[in-house]
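These notes are about the structure you will find just below.
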Amino acid sequence: MIRHIKYSILACALFLASCSTGYHSPKISKEADFAIGDYSTFGFQPKMADGDSLPEPFLKNIALIKKAIADNLVSKGLQESQDPALIINLSALMEDKVQTRQTDFRTDGLPRYTGQRRYSWKSEEVPVGKYKAGTLFLGISDTRQDKLVWRGAIDNILPAKEAKIQARLVKAVDDLLNKLK
């Protein structure tokens, strides 16, 4: 019984800790023999999606993410190169989402109809807000072996203000890449 209580407390603590940052990093996978110290250069995937269908804020955020990745890797001793040993591949998904709540007669008022017809009250979902959610997938490939050696992802709810988006993206990328050993 005490063991179950300990596990419950641990699960609650982990849940609360994961809620505090505004994003979470799903499981990161890497090759067993991969170590960032074995490499000296990196570069970004040369061809990204382009065209008039990409909005300007999205392209700005991708440029910000690339700069945050480059700064982090330079701090680890790597240099950006045209002929890199590691290729960084980015993929991003942005979605507009709607936050809803379930109606309840206790909080939304009792039915007040008193006529002869039958009245039925049904619980339904009511929209209460809109927000943007995004996922950034980051893959690192070894160009010598031509295989994926490390990958991770960040799920994030993006704030409405652009200054806060930039700060959160930089922090999330740094937290993700700090797991790169």
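The values are calculated or read from the model by the stated rules, or taken from the named source; none is laboratory data. Just so it is clear, the structure is predicted and the values come from calculations on it, not from any experiment. Every residue, glycine among them, receives a Cβ derived from its backbone with ideal geometry; neighbour counts consider all protein chains shown.
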Original post:
Within segment 161-181, can you find the residues that are in a loop (DSSP other than H, G, I, E, B) and either more than 15 Å from residue 72 (Cβ to Cβ) or among the polar types (S, T, N, Q) (or both)?
Top reply: 161, 178
**OP:** State whether one or more residues within segment 163-180 are more than 30 Å from residue 87 (Cα to Cα) and at pLDDT below 80.
**Re:** no
Original post:
Taking the condition in a helix (DSSP H, G or I), out of contact with any helix residue (DSSP H, G or I) (no Cβ under 7 Å at 6 or more places or on another chain), at pLDDT 85 or above and closer than 24 Å to residue 164 by Cβ, does residue 60 pass?
Top reply: no
**OP:** Please work out if residue 97 is modelled with pLDDT of 80 or more, out of contact with any helix residue (DSSP H, G or I) (no Cβ under 9 Å at 6 or more places or on another chain) and not hydroxyl-bearing (Ser, Thr, Tyr).
**Re:** yes
**OP:** Kindly indicate the residue of segment 159-181 that is aliphatic (A, V, I, L, M) and free of Cβ contacts under 8 Å to residues at least 60 places away in the same chain and also nearest to residue 30 (Cα to Cα) among those meeting that condition.
**Re:** 167
Original post:
Do you know which of the residues in segment 129-158 that are modelled with pLDDT under 85 and farther than 16 Å from residue 173 by Cα is surrounded by the most Cβ atoms within 10 Å (Cβ to Cβ)?
Top reply: 132
